[in-house]
Amino acid sequence: MNGDHASQEWVPLLVPDMPSPQVLMPWLERMHAARHYSNFGPLVRELESEFARRFDMPTDGLTTVSNATLGLELVLQALDLAPGSRVLLPAFTFVATATAVVRAGHVPVLADVDPDCWLLTPDMARAACSLTRVDAVLPVATFGMPHDMQAWQQFEQDTGLPVVIDAAAAYGSQWLRGAQGTLVFSLHTTKSLPAGEGGLVVSTRPGLAARVRQLSNFGINLDPRAGLPLGSLASMGTNAKMSEYHAAIGLASLQVWEAHAGRRLALQNDLMLEVDQVFGPGLVWQAPGTSGFQMAPTVLCPRLPDAAARLALEQACQAARITTRRWYQPLLQEMGVLRQRCMWLQTPNAQALAQTLLGLPFFLGLTLGQRLRLRDAIQSARCSEH
Ligand SMILES: Cc1ncc(COP(=O)(O)O)c(C=O)c1O
């Protein structure tokens with residue numbers, strides 16, 4: 001083991017997988033030639049057409065937005081729920097899932113997640129609905145793990161409650177596969193289809209994507225058939241449009257998506273085997289849900305046997321200058337700002353996850369030297385535990 005860590009560079013947790021300026025140049029040239037830099041220009045429309053083709057739906061079933069957080073907020077606004085509606089979401093998620101609900105004027109109701117796939121499942125949502133009033137459900141595709149949309153469509157039919165999937169990390173993994181549903185993706189630089197900043201709303205709900213598009217353009221009416229003067233305000237929107245610059249990055253990323261996703265999957269498989277081998281039994285990985293597994297993983301997040309083992313690995317990584325992250329921790333109800341705005345149910349599985357999960361470095365370009373340092377750190381954590 002190399003004892004001289006002080007002189008080593010930190011191993012980062014993530015390194016964005018963004019197209020180079022050279023690769024972007026043809027799209028940027030097109031943008032500049034058209035003198036169209038935002039406001040649903042040619043590149044945004046081309047990107048939306050590409051998405052429509054991939055999701056096998058008409059372009060009016062989707063819209064780009066400036067990020068997933070605003071995408072979620074605007075979808076909630078477009079659903080026209082009564083102010084103060086209760087929106088069920090998992091306690092184990094990124095803060096933006098909950099802040100979008102609060103900013104849309106509603107109350108997050110935090111629920112538990114499945115102990116194996118780490119998702120809020122339709123059965124868990126049904127159980128939550130039998131305990132308290134719920135007006136809408138916002139499940140999260142945790143770390144990109146896709147949801148079973150047939151099952152959520154059935155849930156919507158049985159309960160009458162609208163369901164919106166926060167699929168921020170799940171581009172390329174979460175599809176509708178013929179089901180009805182609403183999905184919100186992030187195109188942030190750390191996600192599987194990076195555009196720098198960006199988001200995508202996909203919905204089979206009649207008129208929903210068009211409504212979100214209008215809300216993302218201040219709420220201005222651009223429809224001559226709407227019975228309102230063109231350019232007048234139809235509803236209280238915001239500015240959440242995707243710029244042509246971001247669409248250029250999205251189009252360039254889309255061109256290499258399959259190849260990069262394949263490399264990410266292969267790397268994840270290799271690293272999981274490696275970590276398992278060095279750690280030995282007791283380490284657990286996120287299990288696939290009933291709809292399969294991630295197609296383009298962006299994190300490596302093992303679950304340690306207990307909090308002491310997690311702390312030992314964290315400390316060994318820190319000593320070896322390897323960045324780690326307690327993803328989605330503390331839980332939402334443990335953050336003061338959210339606590340006063342949320343309701344929550346019993347969340348034993350989420351609490352157990354919060355004590356034992358640890359994000360490890362994961363990015364294309366992780367070097368052999370960095371992988372060896374991670375192996376050493378895991379080994380040293382195991383020794384310190386015994
Ligand atoms: C579950 C979840 N929801 C929402 C977001 C927010 O996405 P964006 O950065 O595009 O606003 C993220 C970002 O990491 C996320 O992980």
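The values are calculated or read from the model by the stated rules, or taken from the named source; none is laboratory data. Please read all numbers here as calculations on a predicted model, not as lab measurements. Cβ placement follows ideal geometry from the backbone for every residue including glycine, while neighbour counts extend to all protein chains displayed. The accessibility values were calculated without ligands, DNA or RNA, using every heavy atom of the protein model including side chains. Shrake-Rupley method; radii C 1.70, N 1.55, O 1.52, S 1.80 Å.
Residue 87: open to solvent by less than 30 Å² (accessible area, probe 1.4 Å) and over 21 Å from residue 244 (Cα atoms), yes or no?
yes
Exactly one condition in (1) within 19 Å of residue 167 (Cα to Cα); (2) part of a helix (DSSP H, G or I) is false for residue 88; which is it?
Status for residue 88: all satisfied but (2).
If you take the residues of the stretch 121-134 that are outside any helix (DSSP H, G or I) and surrounded by fewer than 18 Cβ atoms within 10 Å (Cβ to Cβ), which of them is nearest to the ligand (Cβ to nearest atom)?
Only one residue fits best here, namely 132.
For the stretch 172-193, how many residues are within 11 Å of the ligand (Cβ to nearest atom) and out of contact with any Gly (no Cβ under 8 Å at 6 or more places or on another chain)?
The qualifying residues number 2.
Residue-wise test of (1) under 25 Å from residue 45 (Cα atoms); (2) touching a residue at least 40 places away in the same chain (Cβ under 8 Å).
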site	(1), (2)
224	yes, no
232	yes, no
246	yes, yes
286	no, yes
289	no, yes
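State yes or no: is residue 115 open to solvent by 20 Å² or more (accessible area, probe 1.4 Å) and under 30 Å from residue 283 (Cα atoms)?
Spelling it out, residue 115 is indeed open to solvent by 20 Å² or more (accessible area, probe 1.4 Å) and under 30 Å from residue 283 (Cα atoms).
Is there a residue in the stretch 302-316 that is open to solvent by 40 Å² or more (accessible area, probe 1.4 Å) and assigned to a loop (DSSP other than H, G, I, E, B)?
Within the stretch 302-316 (the criterion being open to solvent by 40 Å² or more (accessible area, probe 1.4 Å) and assigned to a loop (DSSP other than H, G, I, E, B)), the answer is yes, since at least one residue qualifies.
What number of residues within the stretch 345-380 are part of a helix (DSSP H, G or I) and touching a residue at least 12 places away in the same chain (Cβ under 8 Å)?
19
If you check residue 109 against the conditions, is it buried (at least 20 other Cβ atoms within 10 Å of the Cβ), within 16 Å of the ligand (Cβ to nearest atom) and aliphatic (A, V, I, L, M)?
no
If we keep just the residues of the stretch 1-55 that are closer than 24 Å to residue 185 by Cβ and of a type in the set (Asp, Glu), which is least open to solvent (accessible area, probe 1.4 Å)?
Residue satisfying both the conditions and the ranking: 48.
Inspect all residues belonging to the stretch 123-145 and state whether any of them is aromatic (Phe, Trp, Tyr) and under 27 Å from residue 283 (Cα atoms).
Looking for residues that are aromatic (Phe, Trp, Tyr) and under 27 Å from residue 283 (Cα atoms), one finds at least one in the stretch 123-145, hence yes.
May I ask you to say which residue of 75, 87, 95, 65 is free of Cβ contacts under 8 Å to residues at least 60 places away in the same chain, within 14 Å of the ligand (Cβ to nearest atom) and touching a helix residue (DSSP H, G or I) at 6+ places or on another chain (Cβ under 8 Å)?
87
One residue is enough: does the stretch 144-167 have a residue meeting the conditions among the small types (Gly, Ala, Ser) and within 16 Å of the ligand (Cβ to nearest atom)?
yes
For the stretch 281-301, which positions are crowded, with 20+ Cβ neighbours inside 10 Å and either within 16 Å of the chain's Cα centre (by Cα) or part of a strand (DSSP E or B) (or both)?
Matches in the stretch 281-301: 286, 289, 294, 295, 296, 297, 298, 299, 300, 301.
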